[in-house]
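Since the structure comes first, as structure tokens, the remarks are kept for the end.
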Amino acid sequence: MKITKLIISNIRNHKISEFNFAPEINIFQGLNGAGKTSILEAISIAGLSKSFMQIPDSIILNNNSEDYSISLSATNDLNIPYFANIKYVRNGKKNICNSIGDNILPKDLIGELPIVVLSPDLKEITNGSPIDRRALIDRILSQSYKSYLNNWLKLKRILRQRSTILLHYAKSNIIDLNQFDILTELLIKISAEIIYKRSEFISIFAKHFLQLYNEVSDGKEVVELKYKPSEIKDLSSIESITNELSSIAQQHREDELRRGMNLFGPQKDDLKIKINGGIAHKYASQGQHKSLLVAIKFAEFRFIKEIRNETPIILLDDIFSELDQDRIEKVLDLVKHHKAQTFISVNYTNFLKNLSSINHNDNGTNNINDSLNYKIFEIIDGAVAKL
């Protein structure tokens, strides 16, 4: 996928900004608060229906405005045009139109413009709680398979409905057991499909991750990635998972009613990341966490491209201030190798010095202009000051 044009209005401090992008690398350079990340957020909304920073639209909307809009034009790997238009009105819902149709739902937008984001805010994937790692799996699979996204949305709805019944029972001692049992059966069915798909995904994803971490770390450490579904032992088939979940549901039934909360399902799962035999979030150094995150995100890129048969867009938000020179060069090498259109936000730095590290001709000399199609946009106070 290649984004050719982007027009945004009332996104944070951007009143209206228009961009015509280079097909390979686009760099947004400026001071903190200038509006660099806002451009990446707009691309994220056009592809994922929301900002990668996991904040509400009311925060993204310019304080003095009642609505924002995003208009994006692109071409896919078959050179077929694609567009997406998103408008949000304060305290309202998004109106979304794209090449697929008008007035579509956010879920229908996801996956049409595949996006991989690498940001310091995502360090919780390796350093945080299970919910952060489950979110990683769900984001990747939701962009890769519409069926998974639909099941994940169904799971959230079932869990909410079931939780409401359980909380009501805990407070009033009144329950519609027939409705509760129907929801339990639905939870078992959807959970089995989600758990099986997650397990299948990790078996493929882990191979990409191991290879990439080896490249990023020069083979200095041994890493492992393993999916750990809560209480499930046999992951060989949806049927075996369903049978185990049925037994688990019976085991937890009394406790769920007593405590007024859901106690089983894929919302309890985890992704174990190990380095040199130890759990990463406990034993990895800061440098190792950074290498793990880089490997995970480029493994995400490879997986989505493999499944969707479409090259994802890469967003790199202020990551170079977090990385040492060696890791910067590794990331830029990966960018060039994967031949993806990449959008990079940086503070005022001599960024071309780092960029030149991926532009070696066969004779070993640097020639940025000949070997790389790029643009640098200088952003000042929510406007493109210079190209």
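Of everything listed in (1) in contact with a strand residue (DSSP E or B) (Cβ under 7 Å, 6 or more places away or on another chain); (2) of a type outside the set (Asp, Glu); (3) surrounded by 22 or more Cβ atoms within 10 Å (Cβ to Cβ), the single unmet condition for residue 296 is (1). If you check 68, 88 for being within 24 Å of residue 104 (Cβ to Cβ), in a strand (DSSP E or B) and either among the charged types (D, E, K, R) or touching a residue at least 60 places away in the same chain (Cβ under 8 Å) (or both), only one passes: 68.
Considering only residues in region 92-130 that are touching a strand residue (DSSP E or B) at 6+ places or on another chain (Cβ under 6 Å) and surrounded by fewer than 17 Cβ atoms within 10 Å (Cβ to Cβ), the one that is nearest to residue 272 (Cα to Cα) turns out to be 130. The residues of region 264-288 that are closer than 19 Å to residue 154 by Cβ and crowded, with 19+ Cβ neighbours inside 10 Å, listed by number, are 264, 265, 266, 269.
None of 254, 244, 215 is acidic (Asp, Glu), under 30 Å from residue 174 (Cα atoms) and crowded, with 16+ Cβ neighbours inside 10 Å except 244. For residue 78, the stated conditions hold: it is more than 26 Å from residue 122 (Cα to Cα) and out of contact with any Ser or Thr (no Cβ under 9 Å at 6 or more places or on another chain). Of 314, 296, 319, 328, all but one fail to be touching a residue at least 60 places away in the same chain (Cβ under 8 Å), part of a helix (DSSP H, G or I) and among the β-branched types (Val, Ile, Thr); the exception is 296.
Screening residue 305 on (1) part of a loop (DSSP other than H, G, I, E, B); (2) modelled with pLDDT of 95 or more; (3) of a type outside the set (Phe, Trp, Tyr) shows it passes everything except condition (1).
Selection within region 152-180: residues that are free of Cβ contacts under 8 Å to residues at least 60 places away in the same chain and touching a Leu at 6+ places or on another chain (Cβ under 9 Å). The member of this set that is nearest to residue 260 (Cα to Cα) is 165. Of all residues in region 303-315, those being more than 18 Å from residue 78 (Cα to Cα) and out of contact with any Lys or Arg (no Cβ under 9 Å at 6 or more places or on another chain) number 2. The set of residues in region 9-27 being buried (at least 16 other Cβ atoms within 10 Å of the Cβ), within 19 Å of residue 88 (Cβ to Cβ) and β-branched (Val, Ile, Thr) consists of 11 alone. Kindly evaluate residue 11 against the criterion of being farther than 24 Å from residue 386 by Cα and of a type in the set (Val, Ile, Thr). Here the answer is no, as residue 11 does not meet what is asked. Residues that are over 18 Å from the mean Cα position of the chain (by Cα), of a type in the set (A, V, I, L, M, F, W, C) and in a strand (DSSP E or B) do occur in region 27-47.
The values are calculated or read from the model by the stated rules, or taken from the named source; none is laboratory data. Since the model is a prediction, treat every value here as computed from it, not as a measurement. Cβ atoms come from the backbone with ideal geometry, glycine included; neighbour counts cover every protein chain shown.
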